[in-house]
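Notes for the one structure printed next.
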């Protein structure tokens, strides 16, 4: 049985059976498909991956299906329906190694905003026939339902990190994925701090690196797409955000975007709900 991911201590990948190409499956739950598209965006590298593994199930790319069990499963998307919760258990049983990819799968995604409100109110407001909508009251991460061997963060994921994780699995080693903050990427790239220099809100100090310094290098604050870094001091950052002029509701909303249900981000945002 695989071991549940512990923050900062990913389980070691399990090697495939010797003498055959390992079977790779890619599964979709509630999501926008962006992380699966990141795999397709690998282009030339994907050819090498396809040569090293048997792509047994990947409906975003092919209709071909090969029955399990699977050596490695990549899972995109959150659990938002009863059917999702049943299906992920079946996938877990068929998978030697299960890796969640993207903010939806690792923290519930942007759709986890419904976790903070009455879902029935949303359904009544949005849909002309709410009686046809069948959904759970929450959007939750895959690891809230089954053991996960490794979590790959991002909205969307970094394709180079994805290749690193697959390569690590194929070579029976631990993936080399950083857990430090986005600020480290800013410093490495020589990007001027947008919060210090220009007083703009930025979640970089508490967000895990991985995007390649995407927003700060175009003069925008970090939106927290990769979720919380290892041991983030969210309370200290929240205080600084208030010092540059944000009201408590604005600080709350800044932590409630792509990773709203991330444990550290959720706890900090909820502290600003209280007067």
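The values are calculated or read from the model by the stated rules, or taken from the named source; none is laboratory data. Because the structure is predicted, anything quoted here is derived from the model rather than measured. So basically every Cβ, Gly included, is an ideal-geometry build from the backbone, and we count neighbours across all protein chains shown.
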Can you name every residue in segment 170-208 that is part of a loop (DSSP other than H, G, I, E, B), closer than 16 Å to residue 152 by Cβ and more than 21 Å from the chain's Cα centre (by Cα)? 173
Only one of these is on the phi < 0 side of the Ramachandran plot, in contact (Cβ under 8 Å) with a residue 24 or more places away in the chain, in the same structural domain as residue 55 (by TED's automatic domain parsing) and not in a strand (DSSP E or B): 98, 163. Name it. 163
Which number in (1) without any contact (Cβ under 8 Å) to a residue 60 or more places away in the chain; (2) surrounded by 13 or more Cβ atoms within 10 Å (Cβ to Cβ); (3) not in a strand (DSSP E or B) marks the one condition that residue 51 misses? (2)
Scan 60, 76, 45, 65 and give me the residue that is surrounded by fewer than 17 Cβ atoms within 10 Å (Cβ to Cβ), in contact with a helix residue (DSSP H, G or I) (Cβ under 6 Å, 6 or more places away or on another chain) and free of Cβ contacts under 8 Å to residues at least 60 places away in the same chain. 60
The condition of being free of Cβ contacts under 8 Å to residues at least 60 places away in the same chain and either part of a strand (DSSP E or B) or not assigned by TED's automatic domain parsing to the domain that holds residue 140 (or both) holds, among 235, 260, only for 235
Would you mind stating whether residue 200 is in contact with a helix residue (DSSP H, G or I) (Cβ under 6 Å, 6 or more places away or on another chain) and over 21 Å from residue 270 (Cβ atoms)? yes
Picked from segment 106-118 (must be within 8 Å of the chain's Cα centre (by Cα) and farther than 11 Å from residue 80 by Cα), the residue surrounded by the fewest Cβ atoms within 10 Å (Cβ to Cβ) is 106
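Every residue, every condition in (1) surrounded by fewer than 18 Cβ atoms within 10 Å (Cβ to Cβ); (2) modelled with pLDDT under 95; (3) within 30 Å of residue 120 (Cβ to Cβ), yes or no:
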residue	(1), (2), (3)
132	yes, yes, yes
135	yes, yes, yes
140	no, no, yes
146	no, no, yes
150	no, no, no
155	no, no, yes
163	yes, yes, no
168	no, yes, no
179	yes, yes, no
Among the numbered conditions (1) touching a strand residue (DSSP E or B) at 6+ places or on another chain (Cβ under 9 Å); (2) modelled with pLDDT of 95 or more, tell me where residue 82 comes up short. (1)
